[in-house]
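Data first, discussion second: the structure below is written as C-alpha cells.
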C-alpha cells in the first residue's frame, strides 16, 4: 500500500533538503532527466585535486522520493570520490530490493520503495546525475 | 429520466473488483478506458467461433472473420457519421497520425507548413517533426491561453498560403478543453489548408457527425473509447484517401504485384497492409455500437456534475489549483490540478492507496508543461460509469496528501 511508502523517514529526508540549491563555482555539473515521469535532477560538485567531493548541491524538480534521495545522497557525499559514491549507491540499491543485503543509513529509509517498482528510478536518479558529474 | 449510472457501471466487470480491501475508483480513463461486456463478448465470439484471417480465405471461419471485421468498419462509420469505405483501421491513434504524416505528408513540398498547437500530445508533434526532417516542411504553433485552451485569436496571423494542414487535439488530454472546430475549419478554408483532429479524448464521449464538423482527417484510439488495445481509426475524406500513397507495403494493400511494378488497392485496404488487428477491430466496432446506444445527453450532464463536484472539492483544499477551464462550458470531463508543495506523482501514489487511479506527470504534453513551467499535473479523467463516490474518494486522498506530504 502506498500509504506505507511515504513513511516518516522518507518525508523527513525530503523536507530536510540537505544540499538543496546551487554552487556558485562548481567544478562540475550534470543534469539527468527521467523521460518517463519528467523528474529532473541537476547536481553541482566542487572537487579537490583527487576527485573527492568538497561541496555538493542539487536542484530537484521531481517527486518526494527523488527529493529525499538527493537529500540523503548530499548528506553522505562530501569526502567521497566516484568509487565512494558507487559504494553508497549499493546501499540505495539494497534498500529498494535491487541488491541483496542490509542497507546502511540513511538509505535504509527507502525500504518501502522495494514494493513500488515504478518508483525506484525516482530514488536512483540523483545517483545517475552525480555519476555523470564525477565521470 | 435521469442517467442510470449504476446500470452503466454494471456493464463493466472490472469495476466491481476489490483490491486490497478497497473498491476501484477508476479515474484514468484518458489513458485507457475500461471495457464493457458488449465488447468483451464480441471479442470472445470472434476468438471462439470465428477466428481466422480476413479477406483471403474461402472457408467458413474466414468468411465469419471477414464479415465481423467489415461489420466493425460499418459500426465505426456509423459512430462517426461517415461512409465505411472512409474508415481505415490502424494499430492505434498514434499509428493513424503517423500514417497521415507519412502518406499525406509525402504529397507536401519543402517549405509547406503544418500548424499545430502548444497543447498537443507528443503523438501530434513528433510525427510532424519526423516529416520536417524528411521533407523540409515547416511547423508553426498556436499558443495556449492561460486557461488551457488553444488561442484561436492567434490563428489568423499564423496561417499562410503555404499552410497545408492544421492538426489539433479535438479535446485536450490535459485540460479537457474542446477546440472551436468551426472557427478552425473556416480559417483553414481561407488559405486552402486541410484540418485534422486528434479525437483521442473526444471519441470516448459520444458519437460524432464528421461531415457537419467539416474536417478532413479524424483519428482516435480504440482503447480510450471502451474498445481493445492495438486498434485505432483514421477517417479521411474519400478524395484525400484516393490521392494518398500507401504508408506500409505488404499483403492486402495491393492491386497486382510483379517485380516490375505493383499497383495499390483502393482505400481503405491500401492503408491496411498485412493482417489487421482483427479481434481488436471487432471489439472497437462493438464499443462504437455500445456508445451509440448510450444516452449521451444524460451522460454528459452526469459527467459535468462530476466535474463541478471535483472542482468545488478541490477549491476547498489549501494549495489545490486547477489547470484548465474553470467552468463547464466547452469542455469534457478531463480535469488537471496541482497541489502546491506536493509533486503530482506523490499525489497520484497517495490516491492509489485510497483505491483511486489517476494519471500524473506531463501527460505526453511537455511543450504545454514548459509553457506554464509545470513539473506536471495530476489528471482526473472521467467516463460515464464514474460516480460521485469516485470523486469523493479522490478528494479524500488529495486532502490526505495535502496533510501528510508537505
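Quick note: the coordinates plus some simple rules give every number you see, no bench work behind them. None of these values were measured; they are calculated from a predicted model. As a convention, Cβ positions derive from the backbone with ideal geometry for all residues, glycine included, and neighbour counts pool all protein chains shown.
Fully extending the segment from residue B:180 to residue B:140 would add 12.5 nm, taking 0.36 nm per residue of separation and subtracting the current Cα-Cα distance.
Sorted from greatest to least, the principal axis extents spanned by the alpha carbons of the protein assembly as shown come out as 73, 56, 51 Å.
For the pair residue B:63/residue A:15, report the inter-label distance in nm, with labels modelled 7 Å from Cα in the Cβ direction. Once both label points are built, they end up 7.3 nm from each other. Sorted ascending by nearby beta carbons within 10 Å, beginning with the fewest, B:103, B:32 become B:32, B:103.
For chain B, the longest principal axis of the C-alpha atoms and the axis of helix B:93-103 are separated by about 40°.
Measuring r between the beta carbons of residue B:157 and residue B:18 and using R0 = 56 Å, the FRET efficiency lands at 0.50.
Of B:139, B:322, how do they rank once you tally other Cβ atoms within 10 Å and put the fewest first? Mind showing how you got there, number by number?
Details: B:139 14, B:322 18.
With the fewest neighbours first, B:139, B:322 line up as B:139, B:322.
Test of understanding: ordering B:12, B:372 by Cβ neighbours within 10 Å, fewest first, what list do you get? Taking fewest neighbouring Cβ atoms as first place, the list is B:372, B:12.
Computing FRET efficiency as 1/(1 + (r/R0)^6) for residue B:292 and residue A:29, where r is the C-beta to C-beta distance and R0 is 56 Å, gives about 0.45. Working note: 222 nm ellipticity from helices only, DSSP H runs with n ≥ 4, each -39,500 (n - 2.57), summed and divided by the residues of chain B, gives -11500 deg cm²/dmol to the nearest 500. Helix B:296-315 and the longest principal axis of the C-alpha atoms of chain B enclose an angle of approximately 40°.
For segment A:1-68, just say rounded, prolate or oblate: build the C-alpha gyration tensor, square-root its eigenvalues into a ≥ b ≥ c, call rounded for a/c under 1.5, and beyond that prolate if a/b exceeds b/c, oblate if not. Display every interim value, and only then the final one.
Details: a/c = 2.89, a/b = 1.79, b/c = 1.61.
Prolate is the answer for segment A:1-68, as a/c is 1.5 or above and a/b outweighs b/c.
In this simple spin-label approximation, residue B:371 and residue A:82 carry label points 7 Å from Cα along the Cα→Cβ vector, and these lie 4.2 nm apart. The angle between the Cα long axis of helix B:37-49 and the main principal axis of chain B comes to about 40°, on a 0 to 90 degree scale.
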